[in-house]
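Notes for the one structure printed next.
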Amino acid sequence: MGLSRRQRLRLVRGGIYAATVAALVLILLAVDWGALGGALFKWEIVKDQFPDILTNALRNTVIFTIFGFAGGLSLGLLLAVMRLSSVKPYRWFAATYIEVLRGIPLLVTLLILGFGIPIATGWQWPNPYIQGSVPLALVAGAYIAETVRAGIEAVPRGQMEAARSLGMSYTRAMTTIIIPQAFRIIVPPLTNEFVLLIKDTSLISVLGVTASTLDLARFGRNGVNDTANATPLVVAGLVYLALTIPLTQLAAWMERRSKAGRR
Amino acid sequence: MSEQLVRIEALHKRFGSNHVLRGIDLSVTKGEVVCIIGPSGSGKSTLLRCVNMLETPSDGKVFVDGVELTDPDCDLDRARTSTGMVFQSFNLFAHMSVLDNITIALRKVLKQDRATAEAKAEKLLARVGLAEKATSYPAQLSGGQQQRVAIARALAMEPKVMLFDEATSALDPELVGDVLRVMRELAEEGMTMLVVTHEMDFARGVADRVVFMDGGVVVEDGHPDQVIGNPREERTKRFLANVRERD
């Protein structure tokens, strides 16, 4: 054919666009939009979700997330410092902990800690918020530890040497010089950990919930049972997005800014 | 011998199978400026870093101001306050203002209150010609300015000895002069200094003694006019010839 390479590429690309548009039109025509809307986004049911989905379910999801993150961050910081310690048993403990907790699905950890421990020991969790948040924090800590470790390792070695040369102890240098700089580096990945944690709270309801401790996902599922319609789950999904999209956008913005700020 | 501020005895340093320092004996008396020259890889930076134990010697002893730093019972954090170190890459604390860079160790290590520490920092900043930069951050300064802040930071601790590890090697040529001027003034004020450098003019003009190192040993140690002007050893002659060729 008498077509140049560039002309052929343009032709192929035009074909792909045309096929995509054709597929979309087919879907638009083939789908019964009325029935789909009625099953996934029925306006009366949408209205029924409010205000409970916000005052109860969203509130609980936020509580689980914040407890889980606060606990996970403290634990992650401790584990990261242990992982980098010159004391071998600390390193071994931290490495084992991180491997084990990251290697087991959160669902399994939740069940072992939430149900297994009470069955094995007779000890009862004092309240459902603690029962849900503690396993979440223990797992989040393992992931956050690796993020924090990467942050600490990204601080140039000379910072530690300068601090030590001024007579600071290792601990003092870590807390006043290294960790503050590491945190600037890891704020974007930590924000992403936070987003993952928001979504992970949806698993907590396997431990059983009362009407007052429902999280967003469980609230949606209960709604489906009550209405025989999928709309409550779709609404719950939208509420998750209202939480997560601003946060991921914030993380992306911070990442861009820190890249631009680096000389 | 009580006026020896730094004494290094039979010092060895190995990194794995790499034997970097092969038995160094060196002492520096109070008020003396000693420049260490030598090809890269000769161990001169490692030697300097052993003086404040940033590198742990494999064998041998290091004394600073009468304290043996190589003694396992030595409180290194405390002992390090008698040496001040200036690094090739400045190593200013990136998340702190110039003022905080200088005061942080005064406040956290020497437990001085903020007002005292800041008054001292401002005096030192004026001395290195950067009084107006107190609130700037390291990234906003030129390399030469950063290095002068680093010198002020080290001086704030009132060390007995200043260690300079190729303090001008990372600087653009036009910025070297400002840093060397500060170092020269320091020497004239009687500061005891151990300087690893490639600046032969500085070594010749300022040093009381020049030490030439190669292959982990001290090859030649003497007055600058002798070591640089009229070296005895073949290796020293070859090194100096190479340096002159580069200039």
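What to note about this one:
- For A:SER258, the conditions (1) surrounded by fewer than 17 Cβ atoms within 10 Å (Cβ to Cβ); (2) within 30 Å of A:ILE112 (Cα to Cα); (3) small (Gly, Ala, Ser) are fulfilled apart from (2).
- Each residue in the range B:135-156 was checked for being crowded, with 22+ Cβ neighbours inside 10 Å and either of a type in the set (Lys, Arg) or outside any helix (DSSP H, G or I) (or both), and 2 pass.
- Residue match in the range A:124-145 (condition: touching a Gly at 6+ places or on another chain (Cβ under 6 Å) and more than 18 Å from A:LEU196 (Cβ to Cβ)): yes
- The condition (being over 25 Å from B:GLU199 (Cβ atoms), in contact (Cβ under 8 Å) with a residue 24 or more places away in the chain and in contact with a helix residue (DSSP H, G or I) (Cβ under 7 Å, 6 or more places away or on another chain)) is satisfied by just one residue among B:ARG22, B:ARG80, B:ARG14: B:ARG80.
- Output for the range A:221-256, where each listed residue is aliphatic (A, V, I, L, M) and touching a residue at least 40 places away in the same chain (Cβ under 8 Å): A:ALA230, A:VAL234, A:VAL235, A:ALA236, A:VAL239, A:LEU243, A:LEU247, A:LEU250, A:ALA251, A:ALA252, A:MET254
- Residues satisfying the stated conditions in the range A:137-165, i.e. hydroxyl-bearing (Ser, Thr, Tyr) and either at positive phi or within 14 Å of chain B (Cβ to nearest Cβ) (or both): A:SER165
- For the range B:52-77, the tally of residues that are assigned to a loop (DSSP other than H, G, I, E, B), touching a helix residue (DSSP H, G or I) at 6+ places or on another chain (Cβ under 6 Å) and within 14 Å of another protein chain (Cβ to nearest Cβ) stands at 6.
- Qualifying residue in the range A:88-107 (condition: over 25 Å from A:SER205 (Cβ atoms), surrounded by 13 or more Cβ atoms within 10 Å (Cβ to Cβ), within 19 Å of the chain's Cα centre (by Cα) and without any contact (Cβ under 8 Å) to a residue 60 or more places away in the chain): yes
- The condition of being surrounded by fewer than 17 Cβ atoms within 10 Å (Cβ to Cβ), more than 14 Å from chain A (Cβ to nearest Cβ), within 30 Å of B:PHE212 (Cα to Cα) and free of Cβ contacts under 8 Å to residues at least 12 places away in the same chain does not hold for B:GLU132.
- Inside the range B:98-129, residues that are farther than 19 Å from B:VAL179 by Cβ and either within 13 Å of another protein chain (Cβ to nearest Cβ) or buried (at least 22 other Cβ atoms within 10 Å of the Cβ) (or both) make up a count of 12.
- Each residue in the range B:83-104 was checked for being in a loop (DSSP other than H, G, I, E, B) and closer than 17 Å to B:GLU122 by Cα, and 3 pass.
- Condition check for A:ILE27: modelled with pLDDT under 90 and of a type outside the set (S, T, N, Q): no
- Filter result (more than 7 Å from chain B (Cβ to nearest Cβ) and either crowded, with 18+ Cβ neighbours inside 10 Å or farther than 25 Å from A:ILE144 by Cβ (or both)) within the range A:166-178: A:ALA173, A:MET174, A:ILE178
- Restricting attention to the range A:115-136, the residues being at positive phi and either crowded, with 19+ Cβ neighbours inside 10 Å or in contact with a strand residue (DSSP E or B) (Cβ under 7 Å, 6 or more places away or on another chain) (or both) number 0.
The values are calculated or read from the model by the stated rules, or taken from the named source; none is laboratory data. Quantities reported herein were computed from a predicted structural model and do not represent experimental measurements. Counting neighbours? That spans all protein chains shown, and the Cβs are built from the backbone with ideal geometry, glycine included.
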